[in-house]
Amino acid sequence: MAGTAAPAAEPPGLETQRREIEALVQHHELRAGDSWYMLERRWYDQWKEYVETGDQNSSSFPGQIDNTELFEDLESYHLKDRLVENEDFVLIPAEAWHKLLAWYDMLPDQPPLERKVVDLPSTVKVEVYPVEIFLCLHSDMENILTEQFSRADAIHTIQKTMRKLFEVPESAETRLWMKSSDTSCERLRNIHMTVLDSCLSSGMTVIMEMRNADGTWPSSRPQIMRNSVDEQDSYRGQPGVCGLTNLGNTCFMNSALQCLSNTPPLTEYFLRNAYLEELNFTNPLGMRGEIAEAYADVIKQMWSGRHYSVVPRIFKTKVGHFASQFLGYQQHDSQELLSFLLDGLHEDLNRVKNKEYIELRDADGRPDQEVAEEAWRNHRRRNDSVIVDTFHGLFKSTLVCPECSKVSVTFDPFCYLSVPLPVSKERVMEVFFVSVDPAAKPVQHRLIVPKAGKVSDMCTALSQVTNVPASQMVVADVFNHRFYKIYQADESLSCILDRDDIFVYELSRGAVEEDGDELVLALYLRERSHYREYGSSNSNYGTSLFGHPLLVSVPRSQCSHEALYQVFLQRLSRYVRAPDPSEEVEEQEEAEDDEEEEEEEEELYKTNGVNDDDEEDDSDKPGTSKREVDGQGEGSESEVNQSNDSEEQVDSTVVNSSSTKDCRNEDGTSVESAVEDEAPDISGSQQTRRMPSEDDEEEEEEEEGTRLSPQSSERHPKRKCCPAKRSKLLFSIQAVNSNGTTERSIGDGSNTFSFTSQPYVAIDWDPDMKKKYYNENEAEKYVKHPSMEIPHQQTRVDLQQCIELFTTVETLEEENPWYCPNCKKHQLATKKLDLWSLPEVLIIHLKRFSYTKYSREKLDTIVDFPIRNLDFSGFLLRKTSSSGEPPSRYDLIAVSNHYGGLRDGHYTSYARNKDNGQWYYFDDSKVTYAREEHIVTNAAYLLFYQRQDKIRQPTLPTPLDSCSSLTHSASGVASPNNREDGATSCKGKNLNLLSPHGVRGRGRILRLVHEYRGAATFGV
């Protein structure tokens, strides 16, 4: 301690002492951060009196420096409150203090009262009373120590003091929290910031937190959704082999993070805590170091070897905070996230604190080597980070004016290469052709059509195969047993995705001609539930769609129920069996049976406590339908049909007018009219009936208004009619909307349908009738055209071809012209990019998503990229003369995959572990072994390559026979043979992740695998 040190030198003469100290005190300016010392005023005055006497033997000799009067007590040496400068003490600069200390020494055990000069908002002054702060560890909040720190001290000083006081190892990663009250805590993130700038004041507490062995922080542990604390604490696995939980459409983020996590130089940089000294909190282009810290937390957890899976919730929140496009849980592009993340990490870790302005110069005929070195030097003057060290390269850009031939050469840095894929002008489409012939099965065709063509082009291609005129074809997208969309002939084929189920229907000539007398009906098949909903005053039945819808041509003059029934029965004759004559029954007998059934059902209603006054006379009606429960068809929603009982009849009657003209009800009305009125779904009776005239229809409409009212059923007395035979109705007909649901205003109460827009009708089947007369196996049958037997050769290109396309001369688009300095105007110049220098880790972005003015598509071309020895020597302009392995050879280390189309999809990744050299397949929280031969697929989207001269050999042995079948062991890794994700069989084909009969994206991603939530896998 300075106070106990012996005088270092013989003191000079008293006059010399006086001159030196007075000069230092009077002429020394206050500078922020300098140290000054407090000296008791009594001792200082006595010293001045002593040196002014000039007598070294004077009785006024001050003796050792003594500040006793400034302390409250001599145990804690706590400074007295409210001391006044120049009354109780004086302030002298550090140089003057050290001279006096050397000449006179200090009383034993007394601490020197060193004080810092602080720069306050309005003045610069010596800080007499430092900030008194309480210190403690997060793991032991009861053990609190008190220390004083200057407002000019950096937070790093507090951290060092706490490490010393609490004996925290230097290797332990720590972070500090500032606690101002019982509930308020704030991170002290920038350890280079001063106590004053951090707003630390006396009485506040600084808490030191140490990172756990599993990479988490104790304060964040409750926020981490863990499988089980016991499981995680006991789990020990290969570092880096760790899944990432899907938070909701975040597979794009997980895929990019897994690729970066398995980029050795970047991961090692974070694991050895090198980022802590390079966090840039003041960069206006950065994120105040928050993105770098959040990314570091994820990497530390993934590489702790103590997690099956990590939940990157905090990282996701930070990304959404600084990049609003990633807010929420919508689907995004992994390349866009990667681009943002690399840029954010670079700015957060940029070693350049103050970026200087640099004016870029054109080449102007100078040698490429000179211009390139200048460009790279200028780039590093403003951008210097681990991201630049690892991922940035340089390419040469050459622009040539088409008018004056001015050549402009610049060298620009890049972080990744976005290489185009060769685009074919043709497209292969698979469609089902449905002939107008009812006996013909649908035929599946494979067609080659123009990629930028229209629906009419597809019809023309199909017409050449089927000999059916293209004008008599209608194209529809069938989804969930209904028409998702019916296309117009002039619509673009880009609207149709490869996974869509496309049906092409042949229509009769009368339905397509302008003056044709036929109407095209969209026909749905529905199955009713077995029971009617109890407690309802109407006949409410749940229905569900099934089978394939049809487009049926119907003469406009035959839109009555009985005519439509015959047309539909004929159209479905291939898989619907018509009733045999032997199945006809006596109407009187069946009416009596129905009456008994109705009475039983009425009793059932009463037993169940349902009072249905509106249906008390239902037992009098012939052919009243069964009450049924709601049923669900495959992939469809249940919907309720509300109509009167007569519209839901299963066994309705069609009575020959000649055989019933003398049959009367008790009220004298004709049975024929009564039956017609109560059974709008008229069967296709073999007996002939005249078509109703306009007068008849008007009368029926008037009667319909009466019988549709709930009270009308009460007016009908019990009927007595003559025996008559009639045919069974297999189904009833309902007018519906495009979704296949009944609207009460459509088709109700009329014997003839009236269609004002695109007509949709449904035929409703009773389950028993459907089971008896509808052949489901026959209905699903189809024929494959010989074109389907020819193996579809998927397009394959080499990665080198894509790189050649990247370096090909192109003409700038009109939206992006170049300003020619010679012509003094914007020109559509030609542009050529060439690679000059490549980084240690090269990211190649395959531009699978193609956007033009006319179309949008995803290219499923298989790009053959090498796992090892990707040689760029043929593409680099700068040639190296160094001996040995050229620095232009790269090995693959990670791949980000995208399965699906433009509107939806799923991201996964392959990556090679840097420690054991084993390849793994990452599918969100699930991780499995991978084989090299399965990595090259048409889903590859982002390729990560590392230069061979920088690749470090694995330090751990490769897992035993990773290709064999593995059980879910403690390591949590399942073998490819046990995968549910299909990754082992995806080479050379596009995995169908989205079922054609499931939900079609529409705002959510369909997951390929279900996460296994036991301790045996990496799933959470």
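The values are calculated or read from the model by the stated rules, or taken from the named source; none is laboratory data. Everything numeric here is computed off the predicted structure, so don't read it as measured data. Don't worry about glycine lacking a Cβ; one is built from the backbone with ideal geometry, like all the others, and counts go over all protein chains shown. In case anyone asks, the SASA skips ligands and DNA or RNA and just uses the protein heavy atoms, side chains included. Shrake-Rupley method; radii C 1.70, N 1.55, O 1.52, S 1.80 Å.
Inverting the pair-averaged 1/r between distinct Cα atoms of region 289-382 gives 16.4 Å as its Kirkwood hydrodynamic radius. Among the GluC sites (Glu not before Pro) in region 454-528, those placed in a DSSP loop whose Cβ has at most 10 other Cβ atoms within 10 Å are Glu514.
Of the GluC sites (Glu not before Pro) in region 777-820, which ones lie in a loop per DSSP and count no more than 13 other C-beta atoms within 10 Å?
Values: sites: Glu778, Glu780, Glu789, Glu804, Glu810, Glu813, Glu814, Glu815; in loops: Glu780, Glu813, Glu814, Glu815.
In loop regions of region 777-820 (DSSP not H, G, I, E or B), the sparsely surrounded GluC sites (Glu not before Pro) are Glu780, Glu813, Glu814, Glu815.
Once you've got the Cα coordinates, tell me which of Lys179/Lys926; Lys485/Lys771; Lys847/Lys950; Lys451/Lys914; Lys48/Lys160 are over 32 Å apart. Intermediate results must be reported in sequence, preceding the final value.
Working: Lys179/Lys926 39 Å; Lys485/Lys771 30 Å; Lys847/Lys950 27 Å; Lys451/Lys914 43 Å; Lys48/Lys160 39 Å.
Over 32 Å Cα-Cα: Lys179/Lys926; Lys451/Lys914; Lys48/Lys160.
Number of Lys pairs in region 288-410 with C-alpha atoms less than 27 angstrom apart, excluding same-chain neighbours closer than eight positions? Lysine pairs meeting both conditions in region 288-410 amount to 8. Pairs of C-alpha atoms in region 131-210 farther apart than 15 Å represent 50 percent of all such pairs. So the label point goes 7 Å from the Cα of Thr830 along Cα→C-beta, right? Which residues of region 773-809 then have their backbone N under 17 Å from it? Residues 805-809 qualify, since their backbone N sits under 17 Å from the label point.
Rounded if a/c is under 1.5, else prolate if a/b is larger than b/c, else oblate: which is region 14-117, with a ≥ b ≥ c the root eigenvalues of its Cα gyration tensor? Intermediate results must be reported in sequence, preceding the final value.
Details: a/c = 1.84, a/b = 1.20, b/c = 1.53.
Here region 14-117 falls in the oblate category.
Where the alpha-carbon atoms of region 381-428 are placed on the principal axes, they occupy 47, 41, 10 Å, in descending order. Start at zero, step by 10 Å, and the Cα-Cα distances of region 75-161 spread as 12, 37, 36, 13, 2 percent across the bins.
Using a Förster distance of 56 Å, how high is the FRET efficiency between Arg163 and Ile951, based on the Cβ-Cβ distance and rounded to 0.05?
Details: r = 37 Å, r/R0 = 0.65.
Working from the Cβ atoms, E equals 0.95.
Computed over the alpha-carbon pairs of region 358-465, the distance histogram in 5 Å steps reads 2, 8, 13, 11, 9, 7, 5, 5, 6, 8, 7, 7, 5, 3, 2, 1 percent, short to long.
When Lys and Arg each count +1 and Asp and Glu each count -1, what net charge do the other residues less than 11 Å away from Val423, Cβ to Cβ, add up to? Residues near Val423 contribute +3 overall. Distance between the modelled labels on Glu359 and Asp871, one decimal in nanometres: 4.5 nm (7 Å Cα→Cβ projection). Each residue was assigned an accessible area with a 1.4 Å probe, and for Leu394 the value is about 0 Å².
Subtracting the Cα-Cα distance from 0.36 nm times the residue separation, let me have the gained length for Ser557 to Asp864 in nm, one decimal.
On the way: separation 307, 0.36 × 307 = 110.52 nm, distance 6.14 nm.
Taking 0.36 nm per residue and subtracting the Cα distance, the gain is 104.4 nm.
Placing a pseudo-label 7 Å from each Cα along the Cα-to-Cβ vector at Gln444 and Cys404 gives an inter-label distance of 6.3 nm.
Between Gln570 and Arg82, the modelled labels are 11.3 nm apart [label points 7 Å from Cα along Cα→Cβ].
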